[in-house]
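So the structure is just underneath, and the comments pick up after that.
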Amino acid sequence: MISTSEKAAYLLDMDGVIYRENILIPGARELIDQFRESNVPFLFLTNNSMPTQEDLVVKLAHLGIPGLTPEHFYTSALNTADFLRTVQPASTAFVVGEGGIVSALRDAHIPHDNMHPTYVIVGEGTPTVEKLNRAHELLERGARFVVTNPDNWCPAGPDKTRPGAGALAAYLEASTGVRAYYLGKPNPFMYACACQRLLKGRPELSMADVFMVGDTMETDIRGAVEYGLKALLVLTGSTRLEDLENYVYQPTAVIADVRVLGDHLRNKQPLENLHSLHERAGIVRERSSVDRHQAYVPDLRYRRARPAMTK
């Protein structure tokens with residue numbers, strides 16, 4: 001049994017936790033309503049560098065969670081801008097990416113530079129060969145290499161994925177020999193910045209009160225464990241219960257979905273850890289890698305075995 005108590009704050013992954021394939025996961029809207037009614041701090045945390053905060057407000061409104069503000073979201077694009085402002089405020093950047101990362105760097109007053117940039121930044125997008133070649137040249141000239149997140153692939157539909165920022169970065173790492181620095185989850189800098197935002201104006205709360213709710217062991221759960229946060233794994237995304245024996249680190253608890261968390265908060269009852277229950281029953285076992293993704297909709301699976309989400 002796991003107790004979250006009334007004194008808690010929550011970081012929430014999005015795809016696989018709140019929605020799946022643009023379908024709201026049952027219980028997600030009720031959980032957010034519960035947070036608002038109880039004045040519980042929450043912040044959506046995503047490795048996707050493409051959308052802006054405003055884009056995500058609109059997306060969740062369309063999916064059935066209206067009334068959110070940009071301040072409810074923190075993306076790997078914003079984390080990248082925060083990182084550059086922290087380590088070298090006067091830097092410039094050549095960006096291989098679209099949407100959110102371009103907007104975040106502009107808002108942080110980090111100029112675009114295609115001649116002698118301090119950094120080459122890689123995020124999500126579909127770059128041209130010419131742009132990748134230019135990034136290659138700039139890295140060979142001495143630009144530092146930063147990537148918004150380490151995800152090699154991202155969901156793109158019920159039965160397909162698309163290359164992620166990590167895959168684009170691997171191309172440039174191979175061609176230049178330059179090692180990239182990866183921000184986003186599971187980098188502790190992402191969690192440090194997110195917790196600072198989450199707990200701002202709430203002196204009664206500390207890091208010990210923060211829960212990370214995620215569906216991916218390599219990013220959500222690993223980052224939370226390494227930063228010292230409590231980690232709740234939900235089984236509506238990229239991890240199945242049988243996967244846990246393949247990881248050294250473990251979540252604080254495993255729950256079926258966010259509806260369980262919402263029910264727990266309303267009823268003020270301890271959470272049952274599904275992993276402990278199944279271990280005692282002896283039914284946690286190895287499974288084929290072809291079932292890489294847990295599907296919320298029955299039989300919704302990727303048709304090929306997927307590589308690890310991150311390096």
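Odds and ends about this structure:
- Tally of residues being within 18 Å of the chain's Cα centre (by Cα) and either of a type in the set (Ser, Thr, Tyr) or at pLDDT 95 or above (or both) across the range 4-31: 12
- Here residue 61 meets each of (1) touching a Gly at 6+ places or on another chain (Cβ under 9 Å); (2) assigned to a loop (DSSP other than H, G, I, E, B); (3) under 21 Å from residue 257 (Cα atoms); (4) not assigned by TED's automatic domain parsing to the domain that holds residue 234 with one exception, condition (2).
- Residue within the range 233-241 that is part of a helix (DSSP H, G or I) and out of contact with any strand residue (DSSP E or B) (no Cβ under 7 Å at 6 or more places or on another chain) present: no
- Considering only residues in the range 185-209 that are over 23 Å from residue 123 (Cβ atoms) and among the basic types (Lys, Arg), the one that is surrounded by the most Cβ atoms within 10 Å (Cβ to Cβ) turns out to be 202.
- Residue ID - farthest from residue 148 (Cα to Cα), chosen from residues in the range 31-67 that are free of Cβ contacts under 8 Å to residues at least 12 places away in the same chain and of a type in the set (A, V, I, L, M, F, W, C): 61
- Scanning the range 14-50 for residues that are surrounded by 17 or more Cβ atoms within 10 Å (Cβ to Cβ), small (Gly, Ala, Ser) and either in contact with a His (Cβ under 9 Å, 6 or more places away or on another chain) or in a helix (DSSP H, G or I) (or both) yields 16, 28.
- Against the test of being among the charged types (D, E, K, R), over 23 Å from residue 78 (Cβ atoms) and either touching a Ser or Thr at 6+ places or on another chain (Cβ under 7 Å) or free of Cβ contacts under 8 Å to residues at least 60 places away in the same chain (or both), the options 140, 204, 226 yield a single qualifying residue, 140.
- The single condition among (1) modelled with pLDDT of 95 or more; (2) surrounded by 14 or more Cβ atoms within 10 Å (Cβ to Cβ); (3) over 19 Å from residue 46 (Cβ atoms) that residue 275 does not meet is (1).
- Taking the range 87-102 as the range and being surrounded by fewer than 21 Cβ atoms within 10 Å (Cβ to Cβ) and either more than 21 Å from the chain's Cα centre (by Cα) or not β-branched (Val, Ile, Thr) (or both) as the test, the residues that pass are 87, 88, 89, 90, 91, 92, 98, 99.
The values are calculated or read from the model by the stated rules, or taken from the named source; none is laboratory data. On a predicted model such as this, the values are computed, not experimentally measured, just so you know. Cβ coordinates were reconstructed from backbone atoms using ideal geometry, including for glycine residues, and neighbour counts include every protein chain displayed.
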